[in-house]
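Visitor: Take a look at the following structure, please.
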Amino acid sequence: MKNKLTIPLLVFLCVLGCLITYFILEKEKHRNPNEIKIIGAIIPLTGDYAQYGQSVKNGISIAFEEFNNTNADKIKLILEDDRGDTKTSLSALNKLVKSDNVKIVIGAVPSGITLSIAPFAEKEHIVLVSPTSTASAVKNAGDYIFRVCVSDEYEGKAMADYLIANFRNKTIGVLNINNDYGNGLKNDFVKYLQNNSIKIPLIESYFSDTRDFRTILTKFKTQNIEVIYLVAQKEQSLIYKQMTEINYKPQITGSTMIEDPDLLKETGNISDGTLYTFRSYNSEDTTIVSKNFVTQYKIKFGITPDFYAASGYDAARVSLYATSKSKY
């Protein structure tokens with residue numbers, strides 16, 4: 001069994017919607033009253049991040065259906081597949097801005113891609129609303145760059161606080177993927193531990209195409225690292241399996257990415273006992289908006305929406321609200 005530590009979610013979507021509305025109003029003062037408004041979206045529907053992108057897309061679709069079914073003035077969605085690739089994402093954003101004349105774009109999904117396209121969005125005064133880009137650097141990416149998820153600062157601190165309270169006397173190491181997401185969360189986590197006089201004898205990073213982790217894991221085993229903070233993505237199942245192969249059984253702690261159905265499917269009970277942080281989305285929440293979203297999602301897709309679907313839904317609702325109130 002995996003145990004998750006829920007991070008409190010800041011209630012800020014209404015304020016965010018107002019801010020985004022302001023920036024859209026500043027961008028365009030006039031428009032043809034008969035023109036259909038458009039929102040763009042840049043989501044990975046193929047490639048390594050397709051699983052997350054599909055959930056985000058599904059959440060977005062529910063929000064658009066709700067809005068267009070209850071409002072006389074319809075808003076159109078133009079969706080671009082960035083394949084989880086930076087160059088493709090930038091090309092997609094350029095197309096949405098230059099050819100489709102959008103003023104607001106939902107995306108990107110990975111932090112690294114959001115940060116890579118942010119300068120162009122900022123230069124063109126295009127509002128960018130990421131559903132899931134948690135990297136701390138996103139908050140400084142520009143005046144037109146927003147997100148509807150909490151920063152890695154909160155997630156890193158939450159796990160650091162937990163380890164300080166429960167594993168202070170254990171040797172703690174860090175293993176993270178070498179990208180904007182992995183490095184950002186690692187840095188936030190390490191900073192909070194070090195500020196509390198907790199030493200970290202081993203920190204190792206790896207690239208996303210790594211498939212053999214035995215050498216790295218042997219370092220952790222040799223240095224008797226008892227607790228590993230793992231910041232991984234789809235490759236995490238390989239890490240669990242190869243730990244078992246070298247007969248190494250540390251306490252694994254991790255990030256939201258542990259909440260991946262494929263991990264349990266591919267590793268069986270190897271991941272039992274993992275402790276991880278998780279953002280506070282609850283599919284059983286009884287508030288009207290949440291309950292309606294989950295109900296409609298189940299009807300349309302036959303499954304319970306996950307965090308990524310809920311984040312896509314939130315990003316779309318904020319974007320739809322802002323667009324409907326703007327004059328462009």
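The values are calculated or read from the model by the stated rules, or taken from the named source; none is laboratory data. For clarity, every value in this text was computed on a predicted model and none was experimentally measured. Cβ sites come from the backbone with ideal geometry, for glycine too, and all protein chains shown count toward neighbours. Keep in mind that these areas ignore ligands, DNA and RNA; they rest on the heavy atoms of the full protein, side chains included. Shrake-Rupley method; radii C 1.70, N 1.55, O 1.52, S 1.80 Å.
Visitor: Consider THR132 carefully, then state whether it is under 30 Å from GLN296 (Cβ atoms), of a type in the set (Val, Ile, Thr) and touching a Cys at 6+ places or on another chain (Cβ under 9 Å).
Guide: Numbers: under 30 Å from GLN296 (Cβ atoms): yes; of a type in the set (Val, Ile, Thr): yes; touching a Cys at 6+ places or on another chain (Cβ under 9 Å): yes.
Answer is yes for this residue.
Visitor: Output the qualifying pairs, or none if there are none: Cβ atoms under 7 angstrom, residues six or more apart or on different chains, first residue in the stretch 118-142 and in contact (Cβ under 8 Å) with a residue 12 or more places away in the chain and under 17 Å from VAL97 (Cβ atoms), second residue acidic (Asp, Glu) and in a helix (DSSP H, G or I).
Guide: GLY142/GLU122
Visitor: Here's another thing I want to ask about it. Of the residues LYS221, LYS170, LYS199, which is part of a helix (DSSP H, G or I) and either among the basic types (Lys, Arg) or touching a Leu at 6+ places or on another chain (Cβ under 7 Å) (or both)?
Guide: Numbers: LYS170 fails: part of a helix (DSSP H, G or I); LYS199 fails: part of a helix (DSSP H, G or I).
None of the other options fit; the residue is LYS221.
Visitor: If you go through the stretch 302-328 one residue at a time, how many are surrounded by fewer than 17 Cβ atoms within 10 Å (Cβ to Cβ) and under 24 Å from VAL105 (Cα atoms)?
Guide: Our first condition is that a residue be surrounded by fewer than 17 Cβ atoms within 10 Å (Cβ to Cβ); within the stretch 302-328, this holds for 302-304, 324-325, 327.
Within this subset, residues satisfying the condition of being under 24 Å from VAL105 (Cα atoms) are 324-325, 327.
Final tally of qualifying residues: 3.
Visitor: Is there a residue being out of contact with any helix residue (DSSP H, G or I) (no Cβ under 7 Å at 6 or more places or on another chain), over 24 Å from ILE75 (Cα atoms), open to solvent by 10 Å² or more (accessible area, probe 1.4 Å) and assigned to a helix (DSSP H, G or I) anywhere in the stretch 105-117?
Guide: no
Visitor: Across the stretch 38-59, what is the number of residues that are assigned to a helix (DSSP H, G or I), touching a strand residue (DSSP E or B) at 6+ places or on another chain (Cβ under 9 Å) and open to solvent by 30 Å² or more (accessible area, probe 1.4 Å)?
Guide: 2
Visitor: Report whether or not ILE203 is closer than 20 Å to LYS219 by Cα, in contact with a helix residue (DSSP H, G or I) (Cβ under 8 Å, 6 or more places away or on another chain) and open to solvent by 40 Å² or more (accessible area, probe 1.4 Å).
Guide: Values: closer than 20 Å to LYS219 by Cα: yes; in contact with a helix residue (DSSP H, G or I) (Cβ under 8 Å, 6 or more places away or on another chain): yes; open to solvent by 40 Å² or more (accessible area, probe 1.4 Å): yes.
When the stated conditions are applied, ILE203 passes them.
Visitor: Among the residues of the stretch 65-90 satisfying the criterion of being in a helix (DSSP H, G or I) and surrounded by fewer than 15 Cβ atoms within 10 Å (Cβ to Cβ), which is nearest to the chain's Cα centre (by Cα)? It would help to see each step written out before you state the result.
Guide: Going through the stretch 65-90, the residues in a helix (DSSP H, G or I) turn out to be 65-70, 86-90.
Subset that is surrounded by fewer than 15 Cβ atoms within 10 Å (Cβ to Cβ): 65, 69-70, 87.
Working: GLU65: 23, ASN69: 28, THR70: 29, LYS87: 19 Å.
Only one residue fits best here, namely LYS87.
Visitor: Turning to a different aspect of this structure: Scan the stretch 159-190 residue by residue and report those that are surrounded by fewer than 22 Cβ atoms within 10 Å (Cβ to Cβ) and either over 25 Å from the mean Cα position of the chain (by Cα) or basic (Lys, Arg) (or both).
Guide: ILE164, ALA165, ASN166, PHE167, ARG168, ASN169, LYS170, THR171
Visitor: Same structure again: How about the stretch 118-145: which of its residues are within 25 Å of LYS157 (Cα to Cα), part of a loop (DSSP other than H, G, I, E, B) and more than 15 Å from the chain's Cα centre (by Cα)?
Guide: Of all residues in the stretch 118-145, those within 25 Å of LYS157 (Cα to Cα) come to 129-142, 145.
From the residues that got through so far, the ones that are part of a loop (DSSP other than H, G, I, E, B) too are 131-135, 141-142.
Answer for the stretch 118-145, where residues must be within 25 Å of LYS157 (Cα to Cα), part of a loop (DSSP other than H, G, I, E, B) and more than 15 Å from the chain's Cα centre (by Cα): ALA141, GLY142.
Visitor: May I pose another question? Return yes when ILE145 is modelled with pLDDT of 95 or more, buried (at least 19 other Cβ atoms within 10 Å of the Cβ) and closer than 29 Å to THR222 by Cβ and no when it is not. Show your work before the answer.
Guide: On the way: modelled with pLDDT of 95 or more: yes; buried (at least 19 other Cβ atoms within 10 Å of the Cβ): yes; closer than 29 Å to THR222 by Cβ: no.
No: the conditions fail for ILE145.
Visitor: Another question about this same structure. For VAL289, all conditions in the list (1) open to solvent by 40 Å² or more (accessible area, probe 1.4 Å); (2) farther than 30 Å from VAL231 by Cα; (3) in contact with a Leu (Cβ under 6 Å, 6 or more places away or on another chain) hold save one; what is the number of the exception?
Guide: Here VAL289 clears every test but (3).
So that you can scan it fast, the table gives a plain yes or no per residue for (1) open to solvent by 30 Å² or more (accessible area, probe 1.4 Å); (2) under 24 Å from GLN51 (Cβ atoms); (3) not hydroxyl-bearing (Ser, Thr, Tyr):
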| residue | (1), (2), (3) |
| --- | --- |
| ARG211 | yes, yes, yes |
| THR215 | yes, no, no |
| THR218 | yes, no, no |
| GLN223 | yes, no, yes |
| LYS241 | yes, yes, yes |
| GLN251 | yes, no, yes |
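Visitor: Please tell me if ILE62 is over 24 Å from ALA141 (Cβ atoms), buried (at least 16 other Cβ atoms within 10 Å of the Cβ) and modelled with pLDDT of 95 or more.
Guide: Working: over 24 Å from ALA141 (Cβ atoms): yes; buried (at least 16 other Cβ atoms within 10 Å of the Cβ): yes; modelled with pLDDT of 95 or more: yes.
Spelling it out, ILE62 is indeed over 24 Å from ALA141 (Cβ atoms), buried (at least 16 other Cβ atoms within 10 Å of the Cβ) and modelled with pLDDT of 95 or more.
Visitor: Among the numbered criteria (1) farther than 14 Å from GLY156 by Cα; (2) among the aliphatic types (A, V, I, L, M); (3) touching a Lys or Arg at 6+ places or on another chain (Cβ under 8 Å), which single criterion is violated by LEU275?
Guide: Status for LEU275: all satisfied but (1).
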